[in-house]
Amino acid sequence: MRNFFFDLRFVLRQLRKSPGFTATAVLMLAFGIGATTAIFSIVEGVLLRPLPFPDSDRLMVLADRLEGADVGGNGEAGVTVPDILAYSRDTKSFDALGGYQFAGYELSGAGEAAQVNAARQTAGVFSALGVAPQLGRVFTADEDEKHEQVAVLSYATWKDRFNANPQILGTKILLDRKPFIVIGVMPRNFEFPLVTGQLNRTELWVPMSFRSDELLPQSGANWSYSMVGRLKSGIAPKQAQSDAQRVAVEIMKGYPAMMASLRITSVVRPLQEETIETTRPLLRTLFMAVAVVLLIACVNLAGLMLVRAIRRQREVAVRLALGASAFALLRQTILESLVLSVSGGSLGLLSAGLALKLGKSLLPESLPRINEISLNWAVIGFALLLAVITGLLCGLAPAFAALRTNVNGTLKEGGRSGTTGSGHARLRSALVVAEIAIALVLLAASGLLLRSFEKMRKVDLGFRPDHVATASYSLPQKQYSTQASIDAFNSELLRRLNQLPGVKAAALSSLIPASGNNNNQTFVAEGYVPPQGAGMNLATLTSVIGDYFSAMGIPLLRGRTFTDADKSGAQLVAIVNRKLAEHYWPNQDPIGKRFRIGTQQMQTPWLMIVGEVADVKLAAPDDPTREQYFFPVVQSEDDIGSLANPATDLNGNGGYIVLRSGLPSEQMESALRSTVRAIDPQLPLTQVQTMDEAVQGAEAPRRFNTVLISSFAFAAVLLAVLGIYSVIAFSVASRVQEVAIRMALGSQRTGIVRLILESGAKLAGVGCVLGLGGAAAASTLLRSMLFGVSPFDPFVLAAAAFGVLLLALSASTLPALRAASINPNQALRGE
């Protein structure tokens, strides 16, 4: 221990004598370790940390997969009301199993009315999750079946909307202007469903209490519900899936004639997997990118310490000649590296904490469990371990270089500045080549993402987002219990919107573009013969009121839009998008063609197509375009309305307002709020935004990927350039005598500059070749993050290689000019 403290004092004294070297090394490592720690904290919080439920590995989601149906994502379609009832009653593999559905309610009776996110769920959900409330209790299966109007609040809702009132239990609140009794408050960190985005977090839970319309036969075709359950001890997910499939077979036997062609397959998989499946590729890529930056920083530190070791060769030789042991020198060199790395790691840990505090709000909304991201002990331990490992690895090369010092040769050379050993030169060059290769991989990845983002920005959205304001509203069922009251509100709202100054078009819609919302409805196209093995015909339906296509700026390609003649009792009409028309009536004019909602067995009325419009992006611009059709709400009050999904039908109790105006966006949003309040002062609006903002939100995940990886690429290239500069500069400093002799023998200064630049170009060239190979190897990781760009895009790879070569030459220019300015007489006289 005494030797350790002696060595530590010696190392600290040596580092104080070289403040420039010490500051450079510490800051470089602080950047690398800090960035790596910040990203690891995200990875740990989202991917690695168990879900915040007891024995969370036993929590499973249960869903249906519809055979032959393209529902997007992982192919799961959710579950139906009959599924929830049958799976909950007949499966044997779960200790508890329940169904739930997202919902929105107008919350009043607690300050100003507001629209809140909620979840309707059966009592089995709380039992499966196994989390006890902080106050009160959760609702029971009996309360669910008897339609008791009780509610459980989230901790945030209790604190923010009810001032953490300890007497909240038994308090009456109004949800959609119906009285509900508060019976419990969940703990601070409880969150379910595990959604993405702070604004989407659930604020309260109410019993599912299936409505009468949800128990109708056609509700069996509505897969808008979800299920979660806790496996019994000793039961594996595959066993539970077989058990659920047994029940699914019985469910299909009970399908009415209109659903006889449907086939479902049960899927049971961990809740953890479902939560993170969409974010895993992004986080892996980010972690690898930041690890590359750290690797380059380590290589730079190793290079700096190697140069330092070479410059201290005479000191080392003297110490060895005086009897110092090789082990003591090795110990001191590695200790010096450890002091630097731990100092850099500590500073990096502080910077990571600051970065998370300031940058957590900038994380994409697609990341789940953002609130759980923090610098906990696991992350701190990771950072310190990383610092120690970095110090050990970076200290090995200079330590062994010091041990290989030729005592006699070094002492005989005295103060000569002749060239150093070829082994040391090759090692320094290899480190720089590795830096360049690694930096090129990141630079190529950044270029691919930038080009991909550029292509996404150029995608035709199918609508014009400029000068369009939107808002979502939900009508309370108690106040608007009849279709006549809903129609009266919608008609009055549309009339007032059209009278606003500067308004060019106004409409109401069940869906809007760029929102990420869609619904899949089955339909039958007249005259269409599906190919062998084809699945169901699915398309997204949208019900509209008013001049929707003008308001949203959707081009009409053929036919006409809806008119006042398209009213109840008249021929049912629809407008389809280009993708649907080309799929079912290729190379034909779709105007006059017919289709009907439902399956082949359902005798529903025919809708006649009167118009064809452009394909509209319902989610992000890089998402696939979906087949879509539109129909007027006034006609959907008949047979269409009974088949449409109530959650996406304006005959239900909500929808979107779309307003195109020449006014500034702020005035449009204010006009929307004041118009709605003039009709119903208590009715809140949500998602009030311009369509430009909606499109930017849809682009946010890809923008985040591009900006972050581009930042890492910039840092990696900067570190690589510094590495090239340091190697070339040291090479020039150690070759002063050689350069002086060349100039004394007649070499021109331009020749000296060319000689030094060639050294840098050779290193960069080898690094680029290796880097291009690395970029090709890393292409599979990037493929899922690219849009419209090949991972082997020759333009991007060539541009990245050319950029690295140019930067390498730039980094070599200053040392080359210094070499050319050497005075041969003074240099040789000094030797």
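The values are calculated or read from the model by the stated rules, or taken from the named source; none is laboratory data. Here the structure is a predicted model, which means the values were calculated and not measured. Here the Cβ is made from the backbone with ideal geometry for all residues, glycine too, and neighbour counts use every protein chain on show. Side chains are part of the model used for accessible areas, which takes the heavy atoms of the whole protein and leaves out ligands, DNA and RNA. Shrake-Rupley method; radii C 1.70, N 1.55, O 1.52, S 1.80 Å.
Summarise the accessible area of the chain (1.4 Å probe, protein heavy atoms) by the percent that is carbon and sulfur. Intermediate results must be reported in sequence, preceding the final value.
On the way: 20920 of 36350 Å².
Taking all protein chains in place, the chain shows 58 percent carbon and sulfur surface.
Computed with every protein chain present, the accessible area of Cys298 is close to 20 Å² [probe 1.4 Å]. The length gained on full extension between Ala761 and Gln667, counted as 0.36 nm times the residue separation minus their Cα-Cα distance, comes to 28.0 nm.
With a 1.4 Å probe rolled over the protein heavy atoms of all chains, the accessible area of Trp158, Trp606, Trp223 falls in the order Trp606, Trp223, Trp158, largest first.
For the full complex of protein chains and a 1.4 angstrom probe, list Met668, Met252 by accessible area with the highest value first.
Values: Met668 5, Met252 40 Å².
Sorted by accessible area, descending: Met252, Met668.
At a Cα cut-off below 21 Å, give the lysines reachable from Lys567, other chains included and same-chain residues fewer than 8 away excluded. Partners within reach: Lys593.
Here the calculated FRET efficiency for Ile181 and Met608, from their Cβ-Cβ distance with R0 = 45 Å, stands at 0.35, rounded to the nearest 0.05. Dipole of the chain computed with +1 at Lys/Arg Cβ and -1 at Asp/Glu Cβ about the Cα centre; of Ala63, Ile264, Phe795, farthest Cα towards the positive end is Phe795. For a quick check: with amide H placed at 1.01 Å from N, whose amide H comes under 5 Å from Phe94's, ignoring anything fewer than 5 positions away on the same chain? Amide H neighbours of Phe94: Lys232.
Summarising the label geometry, the points placed 7 Å from Cα in the beta-carbon direction at Asn200 and Arg457 lie 2.5 nm from one another.
Relative to the present Cα-Cα distance, how much length would full extension add between Ala114 and Asn371 at 0.36 nm per residue of separation? Numbers along the way, then the final one.
Numbers: separation 257, 0.36 × 257 = 92.52 nm, distance 2.30 nm.
Length gained between Ala114 and Asn371: 90.2 nm.
Put simply, when 441-449, 542-550 are sorted by average Cβ atoms within 10 angstrom per residue, most first, you get 441-449, 542-550.
Between Ile389 and Arg749, the simple spin-label model (points 7 angstrom out along Cα→Cβ) gives 5.0 nm. In terms of its alpha-carbon gyration tensor, the stretch 1-133 comes out prolate; a/c meets the 1.5 threshold, and the first ratio a/b outweighs b/c. Using just the C-alpha positions of the stretch 523-638 as equal point scatterers, what log10 of I(q)/I(0) does the Debye formula give at each q in 0.12, 0.18 1/Å? Values returned for q = 0.12, 0.18 Å⁻¹ are -0.42, -0.95.
Determine the per residue accessible area of the chain with all protein chains present and a 1.4 angstrom probe, expressed in square angstrom. Present the calculation step by step, with values, prior to reporting the outcome.
Working: 36350 Å² over 831 residues.
For the chain, the solvent-accessible area averages 44 Å² per residue.
For the peptides 369-379, 701-711, residues were scored by their other Cβ atoms within 10 Å and the scores averaged per peptide; the highest-first order is 701-711, 369-379.
Remark: the Cα gyration tensor places the chain in the prolate category, a/c being 1.5 or greater and a/b exceeding b/c.
Let me know the shape class of the stretch 101-219, please: from the alpha-carbon gyration tensor, a ≥ b ≥ c as square roots of the eigenvalues, rounded when a/c is under 1.5, otherwise prolate if a/b is greater than b/c, or oblate. Walk me through the intermediate numbers first.
Numbers: a/c = 1.40, a/b = 1.31, b/c = 1.07.
Taking the square roots of the gyration eigenvalues as a ≥ b ≥ c, the stretch 101-219 is rounded.
For the pair the stretch 124-164 and the stretch 223-283, the centres of their Cα atoms are 26 angstrom apart.
Were the residues from Tyr528 through Glu143 laid out at 0.36 nm apart, the gain over their Cα-Cα distance would be 133.8 nm.
Between Val249 and Arg211, the modelled labels are 3.6 nm apart [label points 7 Å from Cα along Cα→Cβ]. Taking the stretch 87-130 and a reference point 7 angstrom along Cα→Cβ of Asp55, the backbone N atoms nearer than 14 Å belong to 93-97, 127-130.
What percent antiparallel are the DSSP beta bridges of the chain, to the nearest 5?
Working: 70 of 88 bridges.
Counting DSSP beta bridges with both partners in the chain, the antiparallel share is about 80 percent.
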